[in-house]
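I have placed the structure first, in the form of structure tokens, so that the comments after it can refer back to it.
The values are calculated or read from the model by the stated rules, or taken from the named source; none is laboratory data. Values in this document were obtained by computation on a predicted structure and should not be read as measured data. Cβ coordinates were reconstructed from backbone atoms using ideal geometry, including for glycine residues, and neighbour counts include every protein chain displayed.
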Amino acid sequence: MTLNKRLLTSAIVIAAFGAAGTASAAVQSGNLEVTTTITAACSVPSPAGTLDLPFQNNVGLDAQAISGTAIKVTVNCTGSPTVSKVAFGPGVNQGSVASPDTAIRYMITDVPLNEETDFLGYKLFASVANDITGSEGLITATTDPKGWVGVTTANSTELGLDGTGTTEYYVNGKIYEGARSVHASASEVPAGIYKDTVVMTVTYG
């Protein structure tokens with residue numbers, strides 16, 4: 001009788017372990033979404049210096065020489081956007097001139113007398129290559145190099161660009177008074193340092 005009890009006990013223990021070994025665990029799966037956002041952005045146009053225009057007091061104000069050195073302007077971009085164009089503002093002095101030639105911009109002297117002679121007109125030229133002074137031949141009173149960027153929609157105020165990442169273009173200019181001139185001759189322009197600031201606005205996307 002004692003032997004039979006031991007065998008029964010052993011059989012129950014084995015059966016209990018067998019049940020535990022065959023049980024299955026529940027499983028569920030979920031998705032982890034992974035993303036990042038790269039934003040296209042460009043810096044403000046950065047000129048490599050100040051555009052210094054030559055002045056010749058023995059040459060007519062409609063026949064001044066173009067600057068011998070164009071200024072390189074760099075636009076740094078991230079996200080590989082396409083830089084499509086740069087627009088040139090009218091300058092900060094255009095609205096202060098009593099009867100401006102709307103095709104040109106104006107510098108103002110650092111010693112103003114509150115007269116129309118305080119202002120001196122000039123033209124800007126822009127190109128995607130540093131070829132403003134060379135590729136158009138001689139610059140005369142009636143012949144401008146390519147890339148003239150004017151002030152109103154009646155003339156081009158923009159330079160078309162087609163760059164990605166870092167984009168460069170060049171700006172040049174010359175003194176030019178045109179029909180407005182309040183100076184009888186270049187020799188009568190008052191001495192002083194004449195300055196203007198032109199806003200350049202880049203479009204990209």
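Taking the options Phe125, Phe55, name whichever one is of a type in the set (Phe, Trp, Tyr), assigned to a loop (DSSP other than H, G, I, E, B) and over 30 Å from Ile38 (Cβ atoms). Break it down stepwise before answering.
On the way: Phe125 fails: assigned to a loop (DSSP other than H, G, I, E, B).
That would be Phe55, the only listed residue that is of a type in the set (Phe, Trp, Tyr), assigned to a loop (DSSP other than H, G, I, E, B) and over 30 Å from Ile38 (Cβ atoms).
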Of the criteria (1) touching a Phe, Trp or Tyr at 6+ places or on another chain (Cβ under 6 Å); (2) under 19 Å from Ser185 (Cβ atoms), which one Gly60 fails:
(1)
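Considering only residues that are of a type in the set (Phe, Trp, Tyr) and assigned to a loop (DSSP other than H, G, I, E, B), which ones fall in segment 148-158? So that I can check it myself, show each step before the final result.
Taking segment 148-158 as the starting set, the residues that turn out to be of a type in the set (Phe, Trp, Tyr) are 148.
Those that are of a type in the set (Phe, Trp, Tyr) and assigned to a loop (DSSP other than H, G, I, E, B): none in segment 148-158.
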Tabulated pairs, segment 94-115, first at pLDDT 85 or above, second hydrophobic (A, V, I, L, M, F, W, C), C-beta under 6 angstrom, 6+ apart or interchain:
Val97/Phe119; Tyr106/Val97; Tyr106/Phe119; Met107/Leu120; Ile108/Phe119; Asp110/Ile193
Among the residues of segment 116-133 satisfying the criterion of being aliphatic (A, V, I, L, M) and touching a residue at least 60 places away in the same chain (Cβ under 8 Å), which is nearest to Val149 (Cα to Cα)?
Leu124
With respect to Ala179, determine if the residue is modelled with pLDDT under 80 and farther than 17 Å from Asp52 by Cα.
yes
Among the residues of segment 159-205, write down those that are within 14 Å of Phe119 (Cα to Cα), part of a strand (DSSP E or B) and of a type in the set (D, E, K, R).
Lys195
Got at least one residue in segment 66-76 being more than 16 Å from Tyr122 (Cβ to Cβ), assigned to a loop (DSSP other than H, G, I, E, B), of a type outside the set (S, T, N, Q) and at pLDDT 85 or above?
no
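Taking the criterion of being among the small types (Gly, Ala, Ser), surrounded by fewer than 20 Cβ atoms within 10 Å (Cβ to Cβ) and within 27 Å of Gln56 (Cα to Cα), would at least one residue in segment 158-176 satisfy it?
Our first condition is that a residue be among the small types (Gly, Ala, Ser); within segment 158-176, this holds for 160, 163, 165, 173.
If we keep only those that are surrounded by fewer than 20 Cβ atoms within 10 Å (Cβ to Cβ) as well, we get 160, 163, 165.
Next cut, within 27 Å of Gln56 (Cα to Cα) only: none.
No, segment 158-176 contains no residue that is among the small types (Gly, Ala, Ser), surrounded by fewer than 20 Cβ atoms within 10 Å (Cβ to Cβ) and within 27 Å of Gln56 (Cα to Cα).
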Search result, residues across segment 86-111 that are within 22 Å of the chain's Cα centre (by Cα) and surrounded by fewer than 18 Cβ atoms within 10 Å (Cβ to Cβ)
Ala87, Gly89, Val92
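Can you tell which of Ala41, Ala48, Ala11 is surrounded by 10 or more Cβ atoms within 10 Å (Cβ to Cβ), under 30 Å from Lys174 (Cα atoms) and modelled with pLDDT under 95?
Working: Ala41 fails: under 30 Å from Lys174 (Cα atoms); Ala11 fails: under 30 Å from Lys174 (Cα atoms).
The conditions single out Ala48.
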